Each structure stands twice: as C-alpha cells, then as structure tokens.
Amino acid sequence: MTLVETGLCQSPFSFQQQLESNAGVKLQIKINDNRSTLLSVKWQPECTKVSVHRMFLQAPQNIMQALACYLGGKDKKLAPSIKAYMEENMQKLDYSHELDLSRLQTKGLIYDLDEVYKAVNHEYFDRSLDLRITWFGNQTNRRRSQVTFGLYQDPFKLIKVNRFLDHSQFPDYFISYIVYHEMLHYVCPSYVDEKGMKQIHSKEFKQREKQFKYFKNVQQWIKENQSFLFKEDCNHGRT
C-alpha cells in the first residue's frame, strides 16, 4: 500500500496534542486505515471520540486547523477543504495488492471483459493503464427503475461490470463504452468543489468520454432500448 507524501508525518501523540490544543476539548483519537469511512466523530460531554485515517498525520496546517474547528464545535459542518483533502489523498492509496485475483471473473457467456479491457486500453490509452476488471451481480434481475452498468473502485484499481450486460441484446460497442467510461474514472478522478460537493464527472471527463468513437451510437441505443433496460421481467435468455 502506498501513499504519496504530502508533508512531514506527525506521530499519533503529537497529532492528538495539536488537535486538542486547537480544538479546546479532550479527544480520544484512533488512527484507522479504512477504505471508505476516513473520519468519524462522536461528541460526548467528557471526551470527543475520533476515528481518523492515517492520511491526516500528514495534513498541512490549514487542514489541521479546519479539523480542530470541527471537532471543537466551532464549525457545525465539515469544511470543504477537509472533504477535498480526503478525496485527493484517498485516490493516492493503493489496496490493489489485497485483491483476491482468483475471485475475479472476466469470462462471460457472451463477452470476455479481459479482452474488452485490453482492446480499449490499447486504442484509447496506449496500453498505459494497469487496472483489474471483473463481472458483478447476477445475469437474472428483478424489477428495476435504474441500472448500474459499471463501477470503479478506486482503492482497488478495480472495474466492475454488471453481469446483466453479458447478453447478446447489448452490442459489443456498448460493452466497450462501459469499460472505457470506468477507465476514465481512473484517468479523470472525482474531486470536491468549493462548496464541498463531490463531483464525479469533471469537465475533462465529459470531454474525453465523447472521444469514444461510438459515443453517439451508445446514447441512441440506450434511448431506443428503454423497455428492455427497465422492464419488470428481466429474466432474459442466455443467448
């Protein structure tokens, strides 16, 4: 696991001392190495309990001050600068070595995700990306009002494609587009704006997404196949 250095790393003891001094409250701090919940706080009369990711041991002074204001109750909401700090540094973490590669499934009944990934990587990224890919979910689905075609798990550098797409109803360019879209999440990562809102698709992301040569075909296909995508009986045949 790697973390790009952002400054001098404090010891947990000095980290707690600095926060307590600036926050003006007694703190019980636990340093975690979580992949999702990077900061959690339980305010209690005698002691505020804090679980914070180890990335904060390297936080610059402006982040430390903002965190102290939050823990001390001066700020009722988490500052946008703290959210941005967590988002940026989470993208520097790499848990891919923890993946059980034997559990990744790329071969489907119709499509082989490994082949699709390699083709997209070659055509659009000059084979420069080193990500993993797998199917997820079931090919048989119940009633749904929306469909998650794919996911990108940044800590694991892992692309997951809904097994529902492993069907002859979906053209090959559609599968390639989904894989391309998820690869873009690595190339054009999410960010937190000045209002503290997480933005998943940046301007660059949207521009590069349109560079997919069948982008318009994909949009048209989705428009013409709404009934198939959102029908109540989704137990489609395996052809």
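Quick grid of which residues meet (1) touching a residue at least 60 places away in the same chain (Cβ under 8 Å); (2) crowded, with 19+ Cβ neighbours inside 10 Å:
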site: LEU158; (1), (2): yes, yes
site: ASP172; (1), (2): yes, no
site: ILE178; (1), (2): no, yes
site: GLU182; (1), (2): no, yes
site: SER190; (1), (2): yes, no
site: GLN199; (1), (2): no, no
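Look through THR148, THR134 and report the one residue that is open to solvent by less than 20 Å² (accessible area, probe 1.4 Å) and hydroxyl-bearing (Ser, Thr, Tyr). Lay out the reasoning, then the answer.
Working: THR148 fails: open to solvent by less than 20 Å² (accessible area, probe 1.4 Å).
When all the criteria are applied, what remains is THR134.
For ARG127, all conditions in the list (1) surrounded by 13 or more Cβ atoms within 10 Å (Cβ to Cβ); (2) part of a loop (DSSP other than H, G, I, E, B); (3) modelled with pLDDT of 95 or more hold save one; what is the number of the exception?
If we test ARG127 against (1) surrounded by 13 or more Cβ atoms within 10 Å (Cβ to Cβ); (2) part of a loop (DSSP other than H, G, I, E, B); (3) modelled with pLDDT of 95 or more, just (1) comes out false.
Could you identify the single residue in THR239, THR134 that is at pLDDT 95 or above and either aliphatic (A, V, I, L, M) or over 17 Å from GLN91 (Cα atoms) (or both)? Steps first, answer last, please.
Numbers: THR239 fails: at pLDDT 95 or above.
Among THR239, THR134, only THR134 is at pLDDT 95 or above and either aliphatic (A, V, I, L, M) or over 17 Å from GLN91 (Cα atoms) (or both).
Checking the structure you have, find out if any residue of segment 175-189 is under 29 Å from ILE82 (Cβ atoms), hydroxyl-bearing (Ser, Thr, Tyr) and part of a strand (DSSP E or B).
Within segment 175-189, not a single residue is under 29 Å from ILE82 (Cβ atoms), hydroxyl-bearing (Ser, Thr, Tyr) and part of a strand (DSSP E or B).
I'd like to check something: does segment 40-59 contain any residue that is assigned to a strand (DSSP E or B), in contact with a Phe, Trp or Tyr (Cβ under 9 Å, 6 or more places away or on another chain), surrounded by 13 or more Cβ atoms within 10 Å (Cβ to Cβ) and touching a residue at least 24 places away in the same chain (Cβ under 8 Å)?
Step one: filter segment 40-59 for residues assigned to a strand (DSSP E or B), giving 40-42, 48-53.
Checking the rest, the ones that are also in contact with a Phe, Trp or Tyr (Cβ under 9 Å, 6 or more places away or on another chain) come to 41, 49, 52.
Still in the running and surrounded by 13 or more Cβ atoms within 10 Å (Cβ to Cβ): 41, 49, 52.
Checking which are touching a residue at least 24 places away in the same chain (Cβ under 8 Å) leaves us with 41.
Among the residues of segment 40-59, at least one is assigned to a strand (DSSP E or B), in contact with a Phe, Trp or Tyr (Cβ under 9 Å, 6 or more places away or on another chain), surrounded by 13 or more Cβ atoms within 10 Å (Cβ to Cβ) and touching a residue at least 24 places away in the same chain (Cβ under 8 Å), which makes the answer yes.
Filter segment 68-80 down to residues that are part of a helix (DSSP H, G or I) and aliphatic (A, V, I, L, M), then give me how many there are.
Our first condition is that a residue be part of a helix (DSSP H, G or I); within segment 68-80, this holds for 68-71, 80.
Those left that are additionally aliphatic (A, V, I, L, M): 68, 71.
Result for segment 68-80: 2.
Acidic (Asp, Glu) and without any contact (Cβ under 8 Å) to a residue 60 or more places away in the chain: which single residue out of ASP94, ASP75 fits that description?
On the way: ASP94 fails: without any contact (Cβ under 8 Å) to a residue 60 or more places away in the chain.
Result: ASP75 is the single residue among ASP94, ASP75 that is acidic (Asp, Glu) and without any contact (Cβ under 8 Å) to a residue 60 or more places away in the chain.
Tell me, which residue of segment 201-214 that is open to solvent by less than 60 Å² (accessible area, probe 1.4 Å) and not in a helix (DSSP H, G or I) is modelled with the highest pLDDT?
Only one residue tops the list, namely PHE212.
Filter segment 33-53 for residues that are modelled with pLDDT under 95 and under 21 Å from the mean Cα position of the chain (by Cα); which is nearest to LYS83 (Cα to Cα)?
Only one residue fits best here, namely LEU38.
If you go through segment 81-101 one residue at a time, do you hit one that is among the hydrophobic types (A, V, I, L, M, F, W, C), in a loop (DSSP other than H, G, I, E, B) and under 30 Å from ILE159 (Cα atoms)? Explain how you work it out, then say what you get.
So the first thing to find is which residues in segment 81-101 are among the hydrophobic types (A, V, I, L, M, F, W, C), and the list is 82, 84, 86, 90, 93, 99, 101.
Next cut, in a loop (DSSP other than H, G, I, E, B) only: 93, 99.
Subset that is under 30 Å from ILE159 (Cα atoms): 93, 99.
Within segment 81-101 (the criterion being among the hydrophobic types (A, V, I, L, M, F, W, C), in a loop (DSSP other than H, G, I, E, B) and under 30 Å from ILE159 (Cα atoms)), the answer is yes, since at least one residue qualifies.
The values are calculated or read from the model by the stated rules, or taken from the named source; none is laboratory data. Small disclaimer: the values here were computed from a predicted structure and weren't measured. Positions of Cβ are generated from backbone atoms using ideal geometry, with glycine treated the same way; all protein chains shown enter the neighbour counts. Areas reflect the complete protein model, heavy atoms only, side chains present, ligands, DNA and RNA absent. Shrake-Rupley method; radii C 1.70, N 1.55, O 1.52, S 1.80 Å.
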